[in-house]
Structures are given as C-alpha cells and as structure tokens.
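These notes concern the structure reproduced below.
The values are calculated or read from the model by the stated rules, or taken from the named source; none is laboratory data. Note that the coordinates shown come from a computational prediction; the quantities given were computed from them, not determined experimentally. Please note: Cβ atoms are built from the backbone with ideal geometry, for glycine as well, and neighbour counts cover all protein chains shown.
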C-alpha cells in the first residue's frame, strides 16, 4: 500500500516532535485506509450499523447526567479534554480515528496545543443529536480515562 510523501513540518531543534508527528500521520493513514476497505460499515461488535436514532429532548435530559463533562447546546454534544502538549493532543485524536470510521461518525474536532474539543452531531439527519453521538461520546471519555 503506497503512501504519498509527507511534507516535513517546521523542524524542531532535536527532530523529536517532527518524528513523532510524522509517525502519527503515517499510522493514521494506514488505519483509515484499512477501515475504509471494509464494507459494509460494522460496529465494534461485528454487526452492521443501524441508522442513527434522533434523540428527543426528553431522552437527552435523561442521558446528559450520565455523560460527565459533556455539554448539550445548539443540537451538539461537546467536551474539551486537556493534555500536556500538542503531541499528546494529536495522539489522542489519532487513537480514535479507526473507531470513528468503524462507527461511521466523524466528529468536529478542534486541537489547540494542550486541548482537544469534540463536537458531536449528525449532519446526515439534519444536525440532530443521535444515539450514535452518545455512544461516541462515551467511547471518547473512556479512551481519555484510560490515558489518565
């Protein structure tokens, strides 16, 4: 499986950060290519995914207390996670790419040095929060706890 060359970012004095970032980019490309090669889309349990179910306001009121740290606003679930530096922030996002592809969910992600903010909504159902958004939020939180 061939890959296009990766342009080197601004060199750092030791080359350590550049090396880590380039390795992460290469790994991410391989994971995404491997996952995209699967058809149809499967859940982590190996079954085909059902269409996401839009959650009602009542359902969301019952769910939100169980999503520690997540906020609901403007039909999006959002949460910011803190890290020591940019490399750890990027590494965390990259560790979730294969999962996002597998569950057919592509959250909006903002990386700001030592912070990563995820916003979850389903644009394919009109920008509403679905059961899949909730499952993805749980997975992101679980992965973050595992790193702490």
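Select from region 57-67 the residues that are touching a residue at least 24 places away in the same chain (Cβ under 8 Å) and in a helix (DSSP H, G or I) and write down the one among them that is nearest to residue 144 (Cα to Cα).
The qualifying residue nearest to residue 144 (Cα to Cα) is 63.
Given the conditions (1) closer than 16 Å to residue 147 by Cα; (2) in contact (Cβ under 8 Å) with a residue 24 or more places away in the chain, which single one is not true for residue 93?
(2) is the only condition that residue 93 fails.
Could you list, in sequence order, all residues of region 104-131 that are within 16 Å of residue 64 (Cβ to Cβ) and either in contact with a strand residue (DSSP E or B) (Cβ under 8 Å, 6 or more places away or on another chain) or modelled with pLDDT under 95 (or both)?
Answer for region 104-131, where residues must be within 16 Å of residue 64 (Cβ to Cβ) and either in contact with a strand residue (DSSP E or B) (Cβ under 8 Å, 6 or more places away or on another chain) or modelled with pLDDT under 95 (or both): 118, 119, 120, 121, 128, 129, 130.
State the number of residues belonging to region 68-90 that are in a strand (DSSP E or B) and touching a residue at least 40 places away in the same chain (Cβ under 8 Å).
Going through region 68-90 one residue at a time, the tally reaches 6.
Can you find even one residue in region 78-101 that is surrounded by fewer than 16 Cβ atoms within 10 Å (Cβ to Cβ), in contact with a strand residue (DSSP E or B) (Cβ under 8 Å, 6 or more places away or on another chain) and closer than 17 Å to residue 60 by Cα?
no
Before we move on, is residue 90 within 12 Å of the chain's Cα centre (by Cα) and closer than 22 Å to residue 73 by Cβ?
no
Looking at region 98-109, is at least one residue farther than 20 Å from residue 53 by Cβ and part of a helix (DSSP H, G or I)?
Yes: one or more hits.
Does residue 31 meet the test of being at pLDDT below 95, touching a helix residue (DSSP H, G or I) at 6+ places or on another chain (Cβ under 7 Å), part of a helix (DSSP H, G or I) and buried (at least 16 other Cβ atoms within 10 Å of the Cβ)?
Against the criterion (at pLDDT below 95, touching a helix residue (DSSP H, G or I) at 6+ places or on another chain (Cβ under 7 Å), part of a helix (DSSP H, G or I) and buried (at least 16 other Cβ atoms within 10 Å of the Cβ)), residue 31 qualifies.
If the requirement is being assigned to a loop (DSSP other than H, G, I, E, B), in contact with a strand residue (DSSP E or B) (Cβ under 9 Å, 6 or more places away or on another chain) and modelled with pLDDT under 95, which of these qualifies: 44, 52?
Going through 44, 52 in turn, the sole match is 52.
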